[in-house]
Amino acid sequence: MSEPLVLINLFSMPAEMVDDFVGGWEASIAAAKNAPGFRGTRLHRSLDPDAPYPVVNIARWDSVEDWQAAFDKYFSGPGRRDDAGQTDGWGAVSAHPALYSVAHVTPDPMASSDAHS
């Protein structure tokens, strides 16, 4: 099996919404966690309170088709995300998702056995 695709989803929102957004993340993605092809996610929060994208989600998916099926089922349509990328209940939150494949890997030098000698 080839390496999973990477979903990078940048979220823009007012600074005062970040705590609630991060706090509600697990509930927001609960249904998708059992979707075919889903390989996990990590939600990142910027250390800079003025960052244009204060929250970034990085998830892994087996295929474009798996991600698209999950997106269509759980994150689009009535009561989900509108055409501008805003999610109901989060008014000022805008999502900017895109799928990527790995173009280059620089290994972690601390992960090699020689780094601990």
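Every read-out reported here was derived from the displayed coordinates using simple, explicitly stated rules and does not represent laboratory data. Keep in mind the model is a prediction, meaning the values are calculated, not measured. As a convention, Cβ positions derive from the backbone with ideal geometry for all residues, glycine included, and neighbour counts pool all protein chains shown.
Quick look at the values:
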quantity: Estimated inter-spin distance, GLN68 and HIS96, nm [label 7 Å along Cα→Cβ]; calculated: 2.3
quantity: FRET efficiency, ALA103 to ALA51 (Cβ-Cβ, R0 35 Å, nearest 0.05); calculated: 0.90
quantity: Efficiency of FRET between SER28 and GLU3 - r from beta-carbon atoms, R0 35 angstrom, step 0.05; calculated: 0.85
